[in-house]
Amino acid sequence: MTKGQAESKRSDLPGYFGEFGGRYSPEVLIPALEELEATYNRLRADPQFCKELESLLCEYAGRPSQLTYAPRLTEAWGGAEIYLKREDLNHTGSHKITNALGQALLARAMGKRRLIAETGAGQHGVATATMAARFGMECRVYMGAEDVRRQALNCYRMELLGTEVFPVRCGSATLKDATNEAMRDWAQNVGSTHYIIGSAIGPHPFPTIVRELQSVISQEARAQLQQRCGALPDAVVACVGGGSNAIGAFAAFLDDASVELYGVEAGGRGDSVGENSASITFGEVGYFHGTRSLFIQSNDGQIENVHSVSAGLDYPGVGPEHASLARSGRARYVRVSDEAALAAFRETARLEGILPALETSHSLAYARELAGRIGRGGRILICLSGRGDKDVVEVARLSGRALISTGAEHEPGS
């Protein structure tokens, strides 16, 4: 990279996506956000940093992730060919390790020895705990008490990795409340601590950093599909909570007008307030957790409680770049119910021998509808963002079957 290219790259870090984004944070956090932006701008053009990140992504995280053709889903859905981008095969079992690894390197470069994170499904918490163990850092992960119950396996995995899991019992005891507590911790300990935000959300520069780190998903998939099929996909489908896997899956296709982009939100149990977490479908413009985006809120701007069968989608807002893509029409956002997601979970397990995360199951349910419309000869790329081992106990419970050892009684530190 030439000096001119490096200078250009350093200045290319947008704070806004259209009308969304920005940095709406307490004053005490502004120096830390400015330090993070400056450090990232410097290191993203540093050959040594890029080499170390690439080496760890390959040797430790397991990238590039595989692209898997799904013959039985293709046959069952009667239409387009189905390809799965296998983020579930990464170390720790999801796409989250890619972002956690990159941000842990940034934390080390800033001299921060303590990591904190929020987590819903536990995938981001496990990824952060793993990187803390790998680099010898102290780590605390905030998790809603309801999610501790739903994701007891991931909770225990974090403890085994040496991380303190802090259950949050206020509010709805889910991801929104865990994020509130993580923000408070960061404000109190900002000198020693880096907050690894797990999705493409939060104050600038987090949405851009997470998008750039996760864009490797679509860069790899684009090359893999061209090598295998000699063509791009007709559509890319990914689930959307905050939206990190989806923005990573979309990034390399944004300029390809022939590729349709679909983000799948959690339609939950219905369209009433509190019954879903479809923030783009039902959200209004607002400010929350340091950014301007679309949030599910009351008429007076109070953030509402939301619901999803998947803990990772159980959040009342969406990343600002997704809000912008929805407004521009470049990506379309749809919603899938809890019931349909559970059916897709079972169908994918039965037909392909793959247990998808409940988050990902929303993508699979919508792709089933889409396959017929695109038709034979077409191709759909689905980002399989994580594996569903963590969800087996909850799926069994919802099916009326109690497993011998549920782990449901587990509390961190017990």
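The values are calculated or read from the model by the stated rules, or taken from the named source; none is laboratory data. In this text the structure is predicted, and so the values were computed from the model without any measurement. Reconstructed Cβ throughout: ideal geometry from the backbone, glycine too, with neighbour counts over all protein chains shown. Side chains are part of the model used for accessible areas, which takes the heavy atoms of the whole protein and leaves out ligands, DNA and RNA. Shrake-Rupley method; radii C 1.70, N 1.55, O 1.52, S 1.80 Å.
Miscellaneous remarks
- Boolean, T74 is farther than 29 Å from R108 by Cα and outside any helix (DSSP H, G or I): no
- Residue list for segment 267-298, filter: of a type in the set (A, V, I, L, M, F, W, C) and open to solvent by 20 Å² or more (accessible area, probe 1.4 Å): V273, I280, F282, V285, F288
- Residue in segment 271-289 that is assigned to a loop (DSSP other than H, G, I, E, B), of a type outside the set (A, V, I, L, M), in contact (Cβ under 8 Å) with a residue 60 or more places away in the chain and more than 20 Å from L370 (Cβ to Cβ) present: yes
- Of all residues in segment 77-92, those satisfying the criterion of being part of a helix (DSSP H, G or I), open to solvent by less than 50 Å² (accessible area, probe 1.4 Å) and under 24 Å from D389 (Cα atoms) are E87, D88.
- Every condition in (1) at pLDDT below 95; (2) over 17 Å from the mean Cα position of the chain (by Cα) holds for D314 except the one numbered (2).
- Of the criteria (1) open to solvent by less than 10 Å² (accessible area, probe 1.4 Å); (2) within 17 Å of the chain's Cα centre (by Cα); (3) not basic (K, R), which one Y333 fails: (1)
- Residue selected from segment 299-324 under the condition outside any loop (DSSP other than H, G, I, E, B) and open to solvent by 20 Å² or more (accessible area, probe 1.4 Å), by the criterion farthest from A367 (Cα to Cα): I303
- When A45 is tested against the conditions (1) within 21 Å of A252 (Cα to Cα); (2) at pLDDT 95 or above, the lone failure is (2).
- Of all residues in segment 165-186, those that are modelled with pLDDT under 95 and either of a type in the set (G, A, S) or assigned to a loop (DSSP other than H, G, I, E, B) (or both) total 7.
- Test set (1) polar (S, T, N, Q); (2) touching a residue at least 60 places away in the same chain (Cβ under 8 Å); (3) in a loop (DSSP other than H, G, I, E, B) - N99 fails condition number: (3)
- When D147, D185 are checked against the criterion of being over 20 Å from G386 (Cα atoms) and in contact (Cβ under 8 Å) with a residue 12 or more places away in the chain, D185 stands alone in meeting it.
- Within segment 138-164, being open to solvent by less than 20 Å² (accessible area, probe 1.4 Å) and within 19 Å of L101 (Cα to Cα) holds for C139, V141, Y142, N154, M158, T163.
- When we screen Q224, Q219 for residues that are in a helix (DSSP H, G or I), open to solvent by 10 Å² or more (accessible area, probe 1.4 Å), at pLDDT 95 or above and in contact with a strand residue (DSSP E or B) (Cβ under 6 Å, 6 or more places away or on another chain), the only hit is Q224.
- G122 falls short on exactly one of the conditions (1) touching a Ser or Thr at 6+ places or on another chain (Cβ under 7 Å); (2) within 30 Å of Q302 (Cβ to Cβ), and that condition is (1).
- Residue match in segment 60-69 (condition: assigned to a loop (DSSP other than H, G, I, E, B), open to solvent by less than 40 Å² (accessible area, probe 1.4 Å), within 24 Å of A182 (Cβ to Cβ) and in contact with a helix residue (DSSP H, G or I) (Cβ under 8 Å, 6 or more places away or on another chain)): yes
- If the condition is being open to solvent by less than 70 Å² (accessible area, probe 1.4 Å) and charged (D, E, K, R), then segment 36-59 contributes E37, R44, D46, E52.
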